[in-house]
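Enquirer: Below is a structure I'd like to ask you about.
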Amino acid sequence: MINLVLFGPPGSGKGTQAAFLIEKYRLIHISTGDLFRYEMSHHTKLGQEARAYMAKGELVPDSVTIGMLRNKVEKHPETQGFIFDGFPRTIPQAEALDALLISKGTEVAGLISLDVGEEEIVQRILLRGQTSGRADDNDEATVRKRIAVYQSETAPVFDYYAEKGKSHIINGLGTIDDIAERLSDVVESFGKD
Ligand code: ADP
């Protein structure tokens with residue numbers, strides 16, 4: 001199995017690149033943001049729980065997020081691997097992911113971070129907000145809050161996997177194809193060193 005963590009600040013292009021990677025490597029894409037939006041649009045209890053946090057640009061509590069992620073992973077016992085997008089976003093989430101994968105005899109092969117500067121991502125998200133219908137993409141203060149939460153709670157996850165020799169950074173600026181090629185180069189280096 002090959003399990004990848006696609007990492008980077010909000011608006012860094014994780015969803016776009018995940019679409020390319022699932023096609024190329026036949027992996028299951030798990031985006032916790034997409035899962036929460038699905039739950040909200042179907043008015044489930046989980047969706048109700050997540051809504052207020054998401055609207056404020058805060059993280060949904062780990063207990064809720066980890067349970068949802070575990071359920072999703074359990075649904076795909078036959079897969080060749082997963083792309084985790086928007087997860088793990090905290091150290092406890094990373095520890096839970098590692099424990100879950102170990103229990104299945106596998107592990108995170110690597111984390112790849114898309115490097116994009118703050119002003120670029122704010123502009124990208126506000127532009128996306130004009131068409132995405134996402135309330136959290138429309139308000140600059142909420143967007144900046146998400147970036148601040150990323151810096152304080154999520155960025156440490158990069159160091160957590162770096163200590164295990166698993167973190168990689170690629171330049172997140174350029175065309176979609178350029179970035180996809182940089183990503184493929186990293187994915188293909190996994191298992192070779
Ligand atoms: P983006 O990467 O553009 O911020 P996402 O779709 O990944 O967007 O996430 C949107 C929101 O969903 C986050 O701001 C947060 O409130 C919630 N969320 C998504 N993934 C997680 C997670 N792993 N832990 C906690 N909250 C999450």
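Enquirer: In the set G105, G47, which member is within 12 Å of the ligand (Cβ to nearest atom), among the small types (G, A, S) and farther than 23 Å from E140 by Cα?
Expert: Working: G105 fails: within 12 Å of the ligand (Cβ to nearest atom).
After applying the criteria, what remains is G47.
Enquirer: Of the residues G67, G15, G11, which is within 11 Å of the ligand (Cβ to nearest atom), under 27 Å from Q151 (Cβ atoms) and in a helix (DSSP H, G or I)?
Expert: Details: G67 fails: within 11 Å of the ligand (Cβ to nearest atom); G11 fails: in a helix (DSSP H, G or I).
Residue meeting the stated conditions: G15.
Enquirer: Let me ask you something else. I'd like the full set of residues that are within 10 Å of the ligand (Cβ to nearest atom) and assigned to a helix (DSSP H, G or I), limited to region 28-44.
Expert: Selection gives T32, G33, D34, L35, F36, R37, M40.
Enquirer: Over 24 Å from R70 (Cβ atoms) and within 18 Å of the chain's Cα centre (by Cα): does that describe V122?
Expert: Numbers: over 24 Å from R70 (Cβ atoms): yes; within 18 Å of the chain's Cα centre (by Cα): yes.
Here the answer is yes, as V122 does meet what is asked.
Enquirer: Just for strands (runs of 3 or more DSSP E) wholly inside region 77-177: which have at least 2 residues that are under 27 Å from K24 (Cβ atoms) and in contact with a Ser or Thr (Cβ under 6 Å, 6 or more places away or on another chain)?
Expert: Values: elements: 82-85, 108-115, 167-171.
Those strands (runs of 3 or more DSSP E) span 108-115.
Enquirer: Tell me, please, whether a residue that is within 12 Å of the ligand (Cβ to nearest atom), over 17 Å from A18 (Cα atoms) and of a type outside the set (D, E) can be found in region 75-90. Outline the logic, then answer.
Expert: Filtering region 75-90 for residues within 12 Å of the ligand (Cβ to nearest atom) gives 84-90.
This time we only want the ones that are over 17 Å from A18 (Cα atoms), so: 90.
From the residues that got through so far, the ones that are of a type outside the set (D, E) too are 90.
Yes, the conditions are met somewhere in region 75-90.
Enquirer: Working only within region 149-180, note down all residues that are of a type in the set (A, V, I, L, M) and within 15 Å of M54 (Cβ to Cβ).
Expert: Taking region 149-180 first, the residues of a type in the set (A, V, I, L, M) are 149, 155, 157, 162, 169-170, 173, 176, 179-180.
Passing the criteria: only V149.
Enquirer: Filter region 52-72 down to residues that are out of contact with any Ser or Thr (no Cβ under 9 Å at 6 or more places or on another chain) and closer than 19 Å to I125 by Cα, then give me how many there are.
Expert: Step one: filter region 52-72 for residues out of contact with any Ser or Thr (no Cβ under 9 Å at 6 or more places or on another chain), giving 52-54, 58, 61, 63-64, 66-67, 70-71.
Now restrict to residues that are closer than 19 Å to I125 by Cα: 53-54, 58.
Count: 3.
Enquirer: Also, quick follow-up: With respect to the numbered conditions (1) under 17 Å from the mean Cα position of the chain (by Cα); (2) without any contact (Cβ under 8 Å) to a residue 24 or more places away in the chain, which one is the sole condition not fulfilled by Y160?
Expert: Every listed condition holds for Y160 apart from (2).
Enquirer: Tell me, which residue of region 171-193 that is within 16 Å of I2 (Cβ to Cβ) and among the hydrophobic types (A, V, I, L, M, F, W, C) is modelled with the lowest pLDDT? Spell out the reasoning first.
Expert: We begin by selecting, within region 171-193, every residue within 16 Å of I2 (Cβ to Cβ); these are 183-193.
From the residues that got through so far, the ones that are among the hydrophobic types (A, V, I, L, M, F, W, C) too are 183, 186-187, 190.
Working: L183: 97, V186: 97, V187: 96, F190: 87.
My answer is F190.
Enquirer: So, G129, is that one within 16 Å of the ligand (Cβ to nearest atom) and surrounded by fewer than 15 Cβ atoms within 10 Å (Cβ to Cβ) or not? Break it down stepwise before answering.
Expert: Details: within 16 Å of the ligand (Cβ to nearest atom): yes; surrounded by fewer than 15 Cβ atoms within 10 Å (Cβ to Cβ): no.
No, not satisfied.
Enquirer: Any residue at all in region 51-62 that is touching a Pro at 6+ places or on another chain (Cβ under 9 Å), free of Cβ contacts under 8 Å to residues at least 12 places away in the same chain and part of a helix (DSSP H, G or I)?
Expert: Within region 51-62, one or more residues are touching a Pro at 6+ places or on another chain (Cβ under 9 Å), free of Cβ contacts under 8 Å to residues at least 12 places away in the same chain and part of a helix (DSSP H, G or I).
The values are calculated or read from the model by the stated rules, or taken from the named source; none is laboratory data. None of the values given here were measured: they were computed from a predicted structure. Note that each Cβ is placed from the backbone with ideal geometry, even for glycine, and that neighbours are counted across all protein chains shown.
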